[in-house]
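Report on the structure given below.
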Amino acid sequence: MSAAPASIISSSSFVEPLLLAAASPAAAAAAANSHHQVRQRGHLVRTLAASSSSNTLLRSDFDLQEGLTTDVKRMLRQRQKKSGGGREMLVTIDNLKRLCIDHYFEEEIEGAMATGACTRLLHSDDLFDATLAFRLLREAGHDVSAKDDVLRRFIDGASGDFKLSLSNDVRGLLSLHDMSHLDVGGEAALLHRAKEFSSRHLASAVRYLDDPSLAEYVRQSLDHPYHLSLTQYKARHHLRYLQSLPSRDAAVERLAVAEFQLNKSLHQGEMREIKRWWMDLGLAEEIPVVRDQVMKWYMWSMAALQGSSFSRYRVEITKIISLVYVVDDIFDLVGTLEELSAFTEAVKMWDTVAADSLPSCMRSCYKALHTVTNEIAEIAQKEHGSNHVNRLRKAWAVLFDGFMVEARWLATDQVPTAEDYLRNGVITSGVPLTFMHIFSMLGYDDPSTEEEEEAIIDHMPSIISCPAKILRLWDDMGSAEDEAQEGFDGSYRDFYLMENPSRSPGEAEAHMRGLIAREWEVLNRECFCRRTFPSNLVQVCLNTARMVSVMYSYNKEQRLPVLEDYAAMMLVL
């Protein structure tokens, strides 16, 4: 990273493989977390440093982080005494969260949130104070109402719209816009009005703002809403904005830069390890039609599992994701229905001998997924004392059954309903299978009985199904045809238009975007209200849902500009 911490130095040779793999064929041708977690972080970074070629950088980054963390904790204590947890303290907490360094200060943040000052600000007549307090409280799982606790004070009783006097409060509008994406059910209409009002006036404000840094920050907020965007991606832009302000927290900024540097070093090492594994595996050579997009697959893991403490997990999960893509391509482009059925039965038996009669490519794929899954089960056993291999076997069997459903539809010219297709598409997205492996490595040991384990796979909770549906719907809005794949197994849009011949493709897309918004509402409710799952699992699910639009938002030139920017930001020296 350069002397200007938030700037990016381009390195086309490093990021080129991602751009070719992530872009459409046309574009490619044209281009050619807890206290335990903090303690675990220190152990893991030192372990990696001992064996890494960049060990001096890793050790120095970690030592710098420890010193800066102490400085920031001291500042937080002073600020808490001074303001009693008022606006200044909440803004600081928000900055720590936006810069992805809040995990160092969980005790301090919890203490500040428990003082009651945040609740007092919730009822403030200042738009910024009230909406910021609401968002922080909701993200922390507190029961707060957008209508009763916050927004009704800012609505004109006569017009029913937000008061026009708020249109000049840029800071308040930005906070209102952030808040508007946190619907958990029952607030959709009100928060939709908040989103429309804030978006309209922020878009207008951009044209006359004297501060170019603020104008750019507003544009970023409109294009990439905070709650729906990857926090790591937003963090760099937020740091740039903070560096433009006259009043700055130097220790906070330096800690954020140190965190960026450490994570970038880890990501580069992980990418090299995964590339070696993929090359040694040889599946791309044995099955020429299979997609060879290692960096793209890694970026799913990098987005879902953020932070240095999950370095080993990112490597292992990328292996699982790559094998899901391989299996998908085998089902679409290689196997006959009879061979695919035998492949599925071999996976259910979970015995390498059962694969001996399969075609060579299927046998190689099976041995790879069998080996990687068992290795992940062993990691979970060693680190958490629980062996989840049966749960993982079951998850693979469910995935293969889902692919078999699609293969039979195609082989027999069956046309499923859009609803049936989507229900099965949640499974074949690979998200539930991948989450089962992540949950095992993170030590999620509840439910404990075999029957309950099967229930969580067969009747998956919303926290798993929502990101999977969001992925399937985004993928099916048109980007699937850009994957250079010759197989055809339909899309939700295709089947929806067959069932609704009077609807246009544009109306079908609007319907699908409505479904995606509904899934976000359910996911928000699961993450912020029910809180059935531990916070680290919640973050994995939220991050996966946030990554979907990054992975599938093609521009008019059929490129993925946000994915390219994110790759350069996180991986380029």
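The values are calculated or read from the model by the stated rules, or taken from the named source; none is laboratory data. This structure is a prediction, so every number in the text was calculated from the model and none was measured. Cβ: placed from backbone, ideal geometry, glycine included. Neighbour counts: every protein chain shown. Only protein heavy atoms, including side chains, enter the accessible area calculation; ligands, DNA and RNA are left aside. Shrake-Rupley method; radii C 1.70, N 1.55, O 1.52, S 1.80 Å.
For the criterion of being among the aliphatic types (A, V, I, L, M), modelled with pLDDT of 90 or more, open to solvent by 20 Å² or more (accessible area, probe 1.4 Å) and farther than 14 Å from K319 by Cβ, L245 passes.
Beta carbons closer than 7 Å, at least 6 apart along the sequence or on distinct chains, pair a first residue in the stretch 266-282 that is closer than 16 Å to L323 by Cβ with a second that is open to solvent by less than 20 Å² (accessible area, probe 1.4 Å) and of a type in the set (S, T, Y) for I274/Y298; I274/T318; W278/S322.
Looking only at residues in the stretch 400-437 that are among the acidic types (D, E) and part of a helix (DSSP H, G or I), the one that is farthest from V327 (Cα to Cα) is E419.
Report whether or not L164 is modelled with pLDDT of 90 or more, out of contact with any Pro (no Cβ under 9 Å at 6 or more places or on another chain) and closer than 28 Å to N536 by Cα. Against the criterion (modelled with pLDDT of 90 or more, out of contact with any Pro (no Cβ under 9 Å at 6 or more places or on another chain) and closer than 28 Å to N536 by Cα), L164 does not qualify.
Yes/no per residue for (1) touching a strand residue (DSSP E or B) at 6+ places or on another chain (Cβ under 8 Å); (2) outside any helix (DSSP H, G or I); (3) more than 22 Å from V562 (Cβ to Cβ); (4) in the same structural domain as V327 (by the TED database):
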| position | (1), (2), (3), (4) |
| --- | --- |
| K264 | no, no, no, no |
| E273 | no, no, yes, no |
| W297 | no, no, no, yes |
| Q306 | no, yes, no, yes |
| R312 | no, no, yes, yes |
| V315 | no, no, yes, yes |
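Name the one entry in R312, R272, R291 that is of a type in the set (K, R) and open to solvent by less than 30 Å² (accessible area, probe 1.4 Å).
R291
Restricting attention to the stretch 174-205, the residues that are open to solvent by 10 Å² or more (accessible area, probe 1.4 Å) and either under 25 Å from the mean Cα position of the chain (by Cα) or not hydrophobic (A, V, I, L, M, F, W, C) (or both) add up to 17.
Of the residues in the stretch 277-290, not one is under 24 Å from the mean Cα position of the chain (by Cα) and of a type in the set (G, A, S). Condition check: open to solvent by 10 Å² or more (accessible area, probe 1.4 Å) and part of a helix (DSSP H, G or I). Does R171 satisfy that? Yes: the conditions hold for R171. Inspection of the stretch 145-156 identifies no residue that is modelled with pLDDT of 95 or more, under 27 Å from the mean Cα position of the chain (by Cα) and on the phi < 0 side of the Ramachandran plot. Residue-level analysis places A133 among those that are assigned by the TED database to the domain that holds L164, under 25 Å from the mean Cα position of the chain (by Cα) and either at negative phi or not in a helix (DSSP H, G or I) (or both).
Among the residues of the stretch 120-144, the one identified as modelled with pLDDT under 95 and of a type in the set (S, T, N, Q) is S124. For the stretch 335-351, taking the residues that are in contact with a helix residue (DSSP H, G or I) (Cβ under 6 Å, 6 or more places away or on another chain) and β-branched (V, I, T), the one that is nearest to G402 (Cα to Cα) is identified as T344.
Looking for something open to solvent by less than 10 Å² (accessible area, probe 1.4 Å), out of contact with any Lys or Arg (no Cβ under 6 Å at 6 or more places or on another chain) and part of a loop (DSSP other than H, G, I, E, B) - is there at least one such residue anywhere in the stretch 383-398? Yes, the stretch 383-398 contains a residue that is open to solvent by less than 10 Å² (accessible area, probe 1.4 Å), out of contact with any Lys or Arg (no Cβ under 6 Å at 6 or more places or on another chain) and part of a loop (DSSP other than H, G, I, E, B).
Against the test of being among the aromatic types (F, W, Y), surrounded by fewer than 18 Cβ atoms within 10 Å (Cβ to Cβ), in the same structural domain as V170 (by the TED database) and out of contact with any Pro (no Cβ under 7 Å at 6 or more places or on another chain), the options Y208, Y233, Y226 yield a single qualifying residue, Y208. Scanning the stretch 254-269 for residues that are open to solvent by 30 Å² or more (accessible area, probe 1.4 Å) and touching a Leu at 6+ places or on another chain (Cβ under 7 Å) returns a single hit, R254. For beta carbons closer than 7 Å, sequence separation of 6+ or different chains, a first residue in the stretch 216-245 that is outside any helix (DSSP H, G or I) and a second that is surrounded by fewer than 17 Cβ atoms within 10 Å (Cβ to Cβ), the qualifying pairs are S244/S213.
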